[in-house]
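Structure record follows, encoded as structure tokens.
Just so it is clear, none of the values below were taken in a lab; they were calculated from the coordinates. Remember, predicted model here, so these are calculated numbers, not experimental data. Positions of Cβ are backbone-derived with ideal geometry, glycine not excepted, and every protein chain shown enters the neighbour counts.
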Amino acid sequence: DAGVIQSPRHEVTEMGQEVTLRCKPISGHNSLFWYRQTMMRGLELLIYFNNNVPIDDSGMPEDRFSAKMPNASFSTLKIQPSEPRDSAVYFCASSFGNGGNYEQYFGPGTRLTVT
Amino acid sequence: SQKIEQNSEALNIQEGKTATLTCNYTNYSPAYLQWYRQDPGRGPVFLLLIRENEKEKRKERLKVTFDTTLKQSLFHITASQPADSATYLCAPPNSGYSTLTFGKGTMLLVSP
């Protein structure tokens, strides 16, 4: 298996632009997570899907952030409009089961820089 | 709300020694806890899961303990190697047990 796939790996954009991050989870996994990692705040959960349904989006910072999972093999995280404070590494992860007792498999991340 | 604390200062040790990393948590009592390793520029990788009734769990040179009284988990790497240099994250579940809450991690540097 190729593991969790994320694209792009790096994104540099100007403030106010729309940014779309993409994720393909591991086949057969039914839970998908979007995280944001910064030096100051560490690894923060943004949103969690189970069987393509958003279960917990309490970590989404504000209305500028949205996430979708149209099918079991694809998810997007969109930021519109982007701001410099959104600069971070965004990780997608997937797991086989529903719950915190299942190990999570992380993608390589997308490094976002908003100027 | 739940709080997870890992030593923010890097741990520097010599090759061959045992590294011990600490994870303290407050305001709740998780039934299990996971540990992950993260290398620069990469996503975290799962290492071990320990449950509250296990007290100790081992995997090759890794050992994790879980003290529910002290609200602490210790992560040990015996006979450490330079290749063990990385950041180690502890991750208990959130209060609803639906996801994980990650600590900020401790960087381990093993010098030859």
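Key figures for this structure:
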read-out: Long-range tail of P(r) for the protein assembly as shown (Cα pairs > 34 Å, %); value: 14 percent
read-out: Charge dipole (chain B, unit charges on Cβ, about Cα centre) - positive-most of B:83, B:101, B:31; value: B:31
read-out: Loop-resident sites, region A:1-100, for chymotrypsin sites (Phe, Trp or Tyr not before Pro), counting at most 16 other Cβ within 10 Å (DSSP); value: A:96
read-out: Spin-label zone in region A:58-79 - amide nitrogen under 14 Å from a point set 7 Å from the Cα of residue A:20 along the C-beta vector; value: A:66-71, A:74-79
read-out: Trypsin sites (Lys or Arg not before Pro) restricted to DSSP loop in region A:1-77 with at most 16 other C-beta within 10 Å; value: A:9, A:41, A:64
read-out: Size descriptor, Kirkwood hydrodynamic radius, that averages inverse alpha-carbon separations across chain A, Å; value: 14.0 Å
read-out: Among B:68, B:20, B:99: highest mean-square fluctuation, GNM of chain B, C-alpha pairs under 10 Å; value: B:99
read-out: Model label zone, residue A:55; criterion: amide N under 11 Å from point 7 Å along Cα-to-beta-carbon; scope region B:19-41; value: none
read-out: Surrounding net charge for residue A:5, when Lys and Arg each add one and Asp and Glu each subtract one, Cβ distance under 9 Å; value: +2
read-out: Only Lys, Arg (+1) and Asp, Glu (-1) charged, at Cβ; region A:53-115 dipole about Cα centre in debye; value: 220 debye
read-out: Relative contact order for region B:38-83, counting Cα pairs under 8 Å that sit 6 or more residues apart, in percent; value: 24 percent
read-out: P(r), alpha carbons of chain B - 5 Å bins starting at zero, rounded %; value: 2, 13, 24, 25, 20, 10, 5, 1, 0
read-out: Zone of residue A:76's modelled label, taken as backbone nitrogen in region A:12-32 under 14 Å from a point 7 Å along Cα→Cβ; value: A:18-24
read-out: Local electrostatic count at residue B:31 - Lys and Arg +1, Asp and Glu -1, tallied over other residues with Cβ under 15 Å; value: +1
read-out: Neighbour cut-off at most 16 other Cβ (10 Å), DSSP loop, GluC sites (Glu not before Pro), region A:32-115; value: A:62
read-out: Test item: Cα-centred dipole of chain A, Lys/Arg +1 and Asp/Glu -1 on Cβ, debye; value: 220 debye
read-out: Size of charge dipole - the protein assembly as shown - debye, nearest 20, with Cβ of Lys, Arg +1 and Asp, Glu -1, no other charges; value: 360 debye
read-out: For A:31, A:95, B:1, B:73, order by how many other beta-carbon atoms lie within 10 Å, fewest first; value: B:1, A:31, A:95, B:73
read-out: Relative contact order computed over chain A (Cα-Cα under 8 Å; 6+ residues apart), in percent; value: 37 percent
read-out: 25 Å Cα-Cα reach of residue B:63 towards lysines, excluding residues that sit fewer than 8 places from it in its own chain; value: B:3, B:17, B:55, B:71, B:104
